[in-house]
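Peer 1: Have a look at this one.
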Amino acid sequence: MSEEIALEKRKPVKLSVGGTLFLIIHLLPILAIWTDVTMFDWLLCLFFYYLRMFFVTGVYHRYFAHRTYKTSRWFQFLLACGAQTTIQKGALWWAAHHRGHHKHSDTPSDPHSMKLYGFWYSHVGWIIGPDYNETHYDQIKDYAKYPELVWINKFHWIPPLIMGVATVFIGAKVNSGDWLNFEAGWSTLYIGFFLSTAILFHGTFSINSIKHYFGTKRYDTGDESKNNLILALVTMGEGWHNNHHYYPAATRQGFFWWEVDFTYYILKLLSFVGLVWDIQEVPDHIKHSKNIKEAMELRRISLEKKAA
Ligand SMILES: [Zn+2]
Ligand SMILES: [Zn+2]
């Protein structure tokens, strides 16, 4: 049975409406050829990439999917809106599917197993096809109890629409000095907003596909997750994916000081000013073990030492 599913998913997928839009977003930056692209547009592209990579990893992933820290109700809503400017659908949709990925890693129920379905399906096929359009609210009951989150999840296109329109105005002002000179703002929209969005798609989806392929494995997680420094830099810390599969409850994914994890540093800064709290660290017995059996043994020894 699992082989049948795997073969089916390796065939070309039928495009959904969202999938068609996804492809169009890749083509929009080409329109910049007919505009005067400025240095500001490129800098904004870089800034929007990293700002929104933080939203993907710090919000969709480490907050909504794994609940690794806490925040207030109003800031949680603001974070969801920020995350959704990435055009990666609603925060509840994203997090519910990701919970499925951890529960069923590299088995037929994993929405995007590169091991079973190959690179293309695990990278983009599952998103552009019709199989995973719905939000599985039963997987995300803890956040679906907030009506404002369900609302913004349903109208997930509102935050990117506002950001796109704002980008045109800002581009017009910076590139020509006049807020209403839209001619000067189109290049900012194509490069600053759409190009960074398209690159961000692939930065994010590499977490699903090649992070279960390239890299080293420190922990025995029973799946194909790997650690990779280059991917950690591109994705602000998500490259420590084997660490993450071993202990998803931690806010940090770089378990050691040399494992750079910019998402974690930013969340730490937000905790210093009181916007978020209860950031989860990695317990020593987890960090220094290879598998769960060994971790339990290390924990037992350290508890005995404390009691003595
Ligand atoms: Zn995860
Ligand atoms: Zn994974």
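Peer 1: Is region 86-99 home to any residue that is more than 22 Å from GLY164 (Cβ to Cβ) and either surrounded by fewer than 20 Cβ atoms within 10 Å (Cβ to Cβ) or modelled with pLDDT under 90 (or both)?
Peer 2: Yes, because at least one residue in region 86-99 is more than 22 Å from GLY164 (Cβ to Cβ) and either surrounded by fewer than 20 Cβ atoms within 10 Å (Cβ to Cβ) or modelled with pLDDT under 90 (or both).
Peer 1: Any chance you could count how many residues in region 172-204 are farther than 12 Å from LEU43 by Cα and in contact with a Leu (Cβ under 7 Å, 6 or more places away or on another chain)?
Peer 2: Residues in region 172-204 being farther than 12 Å from LEU43 by Cα and in contact with a Leu (Cβ under 7 Å, 6 or more places away or on another chain): 3 in total.
Peer 1: Do the conditions hold for ALA95, that is, is it in contact with a helix residue (DSSP H, G or I) (Cβ under 9 Å, 6 or more places away or on another chain), assigned to a helix (DSSP H, G or I) and more than 15 Å from ligand 2 (Cβ to nearest atom)?
Peer 2: no
Peer 1: Checking the conditions here, which among LEU21, LEU51, LEU78 is farther than 22 Å from TYR143 by Cβ, more than 15 Å from ligand 2 (Cβ to nearest atom) and within 18 Å of the chain's Cα centre (by Cα)?
Peer 2: LEU51
Peer 1: Out of (1) away from ligand 1 (no atom under 16 Å from the Cβ); (2) in contact (Cβ under 8 Å) with a residue 24 or more places away in the chain; (3) among the aliphatic types (A, V, I, L, M); (4) assigned to a helix (DSSP H, G or I), the odd one out for ILE87 is which?
Peer 2: (4)
Peer 1: Looking only at region 208-246, which residues are polar (S, T, N, Q), within 12 Å of ligand 1 (Cβ to nearest atom) and at pLDDT below 95?
Peer 2: Selection gives ASN208, THR221, SER225.
Peer 1: Still on this structure: Tell me which of these PRO248 doesn't satisfy, since it passes every other one: (1) within 16 Å of the chain's Cα centre (by Cα); (2) not in a loop (DSSP other than H, G, I, E, B).
Peer 2: Looking at each condition in turn, PRO248 falls short on (2).
Peer 1: Return the residues of region 58-80 that are part of a loop (DSSP other than H, G, I, E, B) and polar (S, T, N, Q); say none if nothing qualifies.
Peer 2: Result: THR68, SER72.
Peer 1: Does region 28-37 contain any residue that is surrounded by fewer than 21 Cβ atoms within 10 Å (Cβ to Cβ), farther than 30 Å from TYR265 by Cβ and within 16 Å of ligand 2 (Cβ to nearest atom)?
Peer 2: Among the residues of region 28-37, not one is surrounded by fewer than 21 Cβ atoms within 10 Å (Cβ to Cβ), farther than 30 Å from TYR265 by Cβ and within 16 Å of ligand 2 (Cβ to nearest atom), which makes the answer no.
Peer 1: Also: Going through ILE199, ILE152 one at a time, which residue ends up being away from ligand 1 (no atom under 16 Å from the Cβ), among the β-branched types (Val, Ile, Thr), surrounded by fewer than 20 Cβ atoms within 10 Å (Cβ to Cβ) and within 19 Å of the chain's Cα centre (by Cα)?
Peer 2: Checking each option against the conditions leaves just ILE199.
Peer 1: For region 249-263: of the residues being within 17 Å of THR204 (Cβ to Cβ) and in contact with a Ser or Thr (Cβ under 8 Å, 6 or more places away or on another chain), which is surrounded by the fewest Cβ atoms within 10 Å (Cβ to Cβ)?
Peer 2: Among them, the one singled out is THR263.
Peer 1: Restricting attention to region 171-190, does a residue exist that is surrounded by fewer than 16 Cβ atoms within 10 Å (Cβ to Cβ) and either closer than 19 Å to GLN88 by Cα or small (Gly, Ala, Ser) (or both)?
Peer 2: yes
Peer 1: Name the residue that is surrounded by the fewest Cβ atoms within 10 Å (Cβ to Cβ), counting only residues in region 219-242 that are under 18 Å from HIS101 (Cβ atoms) and among the small types (Gly, Ala, Ser).
Peer 2: Across region 219-242, the extreme among qualifying residues is GLY222.
Peer 1: Taking region 199-219 on its own, how many of its residues are within 14 Å of ligand 2 (Cβ to nearest atom), without any contact (Cβ under 8 Å) to a residue 40 or more places away in the chain and within 25 Å of LYS293 (Cα to Cα)?
Peer 2: The qualifying residues number 3.
Peer 1: Just to check your reading of the model, which residue among GLY222, GLY237 is assigned to a loop (DSSP other than H, G, I, E, B), within 15 Å of ligand 2 (Cβ to nearest atom) and touching an Asp or Glu at 6+ places or on another chain (Cβ under 7 Å)?
Peer 2: Sole residue among the options that is assigned to a loop (DSSP other than H, G, I, E, B), within 15 Å of ligand 2 (Cβ to nearest atom) and touching an Asp or Glu at 6+ places or on another chain (Cβ under 7 Å): GLY237.
Peer 1: Filter region 98-119 down to residues that are touching a helix residue (DSSP H, G or I) at 6+ places or on another chain (Cβ under 8 Å), part of a helix (DSSP H, G or I) and either without any contact (Cβ under 8 Å) to a residue 40 or more places away in the chain or within 16 Å of ligand 1 (Cβ to nearest atom) (or both), then give me how many there are.
Peer 2: 6
Peer 1: List the residue pairs whose Cβ atoms are under 7 Å apart, where the first residue sits in region 257-286 and is under 17 Å from ARG67 (Cα atoms), the second is of a type in the set (Ser, Thr, Tyr) and assigned to a helix (DSSP H, G or I), and the two are 6 or more positions apart or on different chains.
Peer 2: So the pair list comes out as THR263/THR57; TRP277/SER271; ILE279/SER271.
Peer 1: Here is a follow-up. So which of PHE255, PHE205 ends up being within 20 Å of HIS104 (Cβ to Cβ), within 16 Å of ligand 1 (Cβ to nearest atom) and not charged (D, E, K, R)?
Peer 2: Sole residue among the options that is within 20 Å of HIS104 (Cβ to Cβ), within 16 Å of ligand 1 (Cβ to nearest atom) and not charged (D, E, K, R): PHE205.
The values are calculated or read from the model by the stated rules, or taken from the named source; none is laboratory data. Note that this is a predicted model, so its numbers are computed, not measured. For neighbour counting, all protein chains shown are included, and Cβ atoms are generated from backbone atoms with ideal geometry for every residue, glycine included.
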